[in-house]
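The values are calculated or read from the model by the stated rules, or taken from the named source; none is laboratory data. Note that the structure is a prediction, hence the values are computed from the model and not measured. For neighbour counting, all protein chains shown are included, and Cβ atoms are generated from backbone atoms with ideal geometry for every residue, glycine included. These accessible areas exclude ligands, DNA and RNA; they are computed on the full protein's heavy atoms, side chains included. Shrake-Rupley method; radii C 1.70, N 1.55, O 1.52, S 1.80 Å.
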Amino acid sequence: MSTALVWLRRDLRVADQPALARAARAAERVAPLYIHTPDETWPRVGAASLWWLHHSLAALDTELAAAGSRLCLDSGPSTERLCHWAQVSDATVVYCTAIAEPWARQQEAAVAEALAGIGVRLEVLPDGLLTDPSAVRNRGGTPYRAFTPFWRSVRAQLDPPRPTPPPALPGLPEAIPEPQPLAALGLLPRIRWDEKLLPHWQPGAAGAQQRLEAFLGSAAADYAERRDYPAHPGTSRLSPHLHFGEVSIRSIWHAVEEARQALPAAAHGALDTFLAELGWREVAYHLLWQQPQLHETPIDERFSRFAWREDPHGTLLEAWRRGATGVPLVDAGMRELWATGWMHNRVRMVVGSFLVKNLRLPWQHGEAHFRDTLVDWDLASNSMGWQWVSGCGADAAPYFRIFNPVRQGERFDPDGEYVRQWVPEVAGLPKSHIHQPWAAPADARARSGLRLGYDYPEPLVDLTSSRKEALAAFQALG
Ligand SMILES: Cc1cc2nc3c(=O)[nH]c(=O)nc-3n(C[C@H](O)[C@H](O)[C@H](O)COP(=O)(O)OP(=O)(O)OC[C@H]3O[C@@H](n4cnc5c(N)ncnc54)[C@H](O)[C@@H]3O)c2cc1C
């Protein structure tokens, strides 16, 4: 009886899942297998992502059970464990989908070699992206550096295949190694800080589908106008689902195109804006392909010599991490991140700019903190995002464009609702002062019950002088 393994990694769904579909067609017995390999991923996956992974695997098991199969779990070196599973189950082929990250390509190459040594074939199928990040080229034959020409050229040619429905899955092989229980993978933190995350999310394909339908059914039509306002849910919040492959990128694309048919022409621009955001995700992988160390090495090499501020005891960094900088929009963002594992895109840019330009601390510290705390942490998007806010990336905001967190707050949180939600210490201030409590008249502060320096900190740095210092440091780069 022919047997196949499906090696699951970042494709945790049943519908439109190329590896499962191929195995279901080709073999009479199929074992869907997830192997936890923390030592093979670099940089190491952070705690919030591991939390998500735990729940995503649980949801996948339920989904597979409904399709007549189940999820097998294991941990250890991928080469050794896959060879063991292939030998015990008598599998002749292992199917998986590609992950366009440098460590994953190394992992795939090592696994292919090890399996070949015991006469088993590894077949890696494309998935996860609309483009092949290694293949996109401009007319001159070189990879793109900037988003706009990349997307203009890619978008015109995109014709993603229609998503396929869940396959009828064959049963498990008769003999398999003893799978591990989910708890044995140790994905949940020992100190259970994670319980606060669950009310905000439903990891897994069903949760992804709900988010997609909710977004296309309501916010999508106004996406272009509303996406920048953090107090209101104007974006899809699909990012963690996309990262873990709980929904296929092709099915999102086609769902958007179907929504287009149902919406008036005036709303079509909003859908194109949304598709362009998916394009940012594509270009991030294209850049990661060009620069495998994107999370730590600035694309603009001059930034390796940048005069970062000394923070010998890490107090500035810690205040930023804890949301105690004294700048309400920055603190609101950092607290939203801590409480929910997610932060609105506009605020990610603001807190990033504040860290790198006002505090003048290395962007790699911000990258690492996001990596640990975001449920949607994604090597390509996070690295590109940090290089972008720092002004050292391929398509970066110029360094001299420094976000003013007060102006950003007044513009994108004009009534102060977002700040009030996450920074209750300043909630009593009128909206005219909520984004800069230090500038509020003493009587306005007294009326709101705010004692600056006691209930809520004075700003860590002066926004005007720190801006000037950052510009001077930038100019010194030449
Ligand atoms: C400093 C910084 C760090 C970031 N780190 C990450 C990260 O680790 N993981 C991550 O998925 N995104 C990251 N982003 C991009 C963006 O903030 C998130 O993708 C977005 O906020 C997710 O929310 P959403 O799903 O509601 O987005 P929507 O607005 O609904 O967009 C739909 C999808 O498009 C993609 N997308 C949107 N904006 C971007 C972008 N600027 N770059 C790449 N993809 C994008 C995401 O997959 C997103 O789910 C970062 C941005 C910055 C400035």
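Reported count of residues in the range 316-343, each being touching a Ser or Thr at 6+ places or on another chain (Cβ under 7 Å) and either of a type in the set (A, V, I, L, M, F, W, C) or not in a helix (DSSP H, G or I) (or both), is 4. Open to solvent by less than 50 Å² (accessible area, probe 1.4 Å) and within 13 Å of the ligand (Cβ to nearest atom): does that describe Thr325? In short, no. Just one of the numbered conditions (1) closer than 30 Å to His369 by Cα; (2) more than 23 Å from the chain's Cα centre (by Cα); (3) of a type in the set (Gly, Ala, Ser) is not true of Ala59: (2). Can you pull out every residue in the range 335-353 that is over 16 Å from the mean Cα position of the chain (by Cα) and either more than 11 Å from the ligand (Cβ to nearest atom) or free of Cβ contacts under 8 Å to residues at least 24 places away in the same chain (or both)? Those that are over 16 Å from the mean Cα position of the chain (by Cα) and either more than 11 Å from the ligand (Cβ to nearest atom) or free of Cβ contacts under 8 Å to residues at least 24 places away in the same chain (or both): Arg335, Ala339. The set of residues from the range 228-270 being in contact (Cβ under 8 Å) with a residue 40 or more places away in the chain, of a type in the set (S, T, N, Q) and more than 12 Å from the ligand (Cβ to nearest atom) comprises Ser248, Ser251.
Among the residues of the range 397-447, write down those that are assigned to a helix (DSSP H, G or I), open to solvent by less than 30 Å² (accessible area, probe 1.4 Å) and farther than 22 Å from Leu471 by Cβ. Once the filter is applied, which keeps residues that are assigned to a helix (DSSP H, G or I), open to solvent by less than 30 Å² (accessible area, probe 1.4 Å) and farther than 22 Å from Leu471 by Cβ, the range 397-447 yields Phe412, Tyr418, Val419, Val426, Pro437, Ala444. Say we look at the range 148-162 and pick out the residues that are open to solvent by 40 Å² or more (accessible area, probe 1.4 Å) and part of a loop (DSSP other than H, G, I, E, B); which of these is farthest from Ala206 (Cα to Cα)? Filtering the range 148-162 for residues that are open to solvent by 40 Å² or more (accessible area, probe 1.4 Å) and part of a loop (DSSP other than H, G, I, E, B), the one farthest from Ala206 (Cα to Cα) comes out as Asp159. Scan the range 20-33 for residues that are open to solvent by less than 20 Å² (accessible area, probe 1.4 Å) and either more than 18 Å from Ala66 (Cα to Cα) or modelled with pLDDT under 95 (or both) and the total you get is 1.
Just to be sure before I move on: is Ala135 surrounded by fewer than 21 Cβ atoms within 10 Å (Cβ to Cβ) and within 14 Å of Trp7 (Cβ to Cβ) in the structure I sent? No, not satisfied. Within the set Thr297, Thr325, the sole residue that is over 24 Å from the mean Cα position of the chain (by Cα) and either within 24 Å of Asp228 (Cα to Cα) or of a type in the set (S, T, N, Q) (or both) turns out to be Thr325. Looking only at residues in the range 464-477 that are open to solvent by 30 Å² or more (accessible area, probe 1.4 Å) and not charged (D, E, K, R), the one that is nearest to Ile402 (Cα to Cα) is Leu471.
There is at least one residue in the range 307-315 that is outside the structural domain of Leu53 (by TED's automatic domain parsing), assigned to a helix (DSSP H, G or I), without any contact (Cβ under 8 Å) to a residue 12 or more places away in the chain and more than 11 Å from the ligand (Cβ to nearest atom). If only residues of the range 368-387 that are closer than 21 Å to Val327 by Cα and more than 8 Å from the ligand (Cβ to nearest atom) are counted, the one that is surrounded by the most Cβ atoms within 10 Å (Cβ to Cβ) is Thr373. Restricting attention to the range 163-182, does a residue exist that is at pLDDT 95 or above and not in a loop (DSSP other than H, G, I, E, B)? Looking for residues that are at pLDDT 95 or above and not in a loop (DSSP other than H, G, I, E, B), one finds at least one in the range 163-182, hence yes.
Selection of first residues in the range 21-36 that are outside the structural domain of Gly76 (by TED's automatic domain parsing) and of second residues that are open to solvent by 20 Å² or more (accessible area, probe 1.4 Å) and of a type outside the set (Gly, Ala, Ser), restricted to Cβ pairs under 7 Å at least 6 apart or on distinct chains, gives an empty result. Residues that are open to solvent by 40 Å² or more (accessible area, probe 1.4 Å) and in contact with a helix residue (DSSP H, G or I) (Cβ under 8 Å, 6 or more places away or on another chain) within the range 274-292 comprise Trp280, Pro292, listed in sequence order. Among residues of the range 186-206 that are at negative phi, those with a Cβ under 9 angstrom from a residue that is outside any helix (DSSP H, G or I) and charged (D, E, K, R), sequence gap 6+ or separate chain, pair up as His200/Arg237; Trp201/Arg237; Pro203/Glu246; Ala205/Arg13; Ala205/Glu246; Ala206/Glu246.
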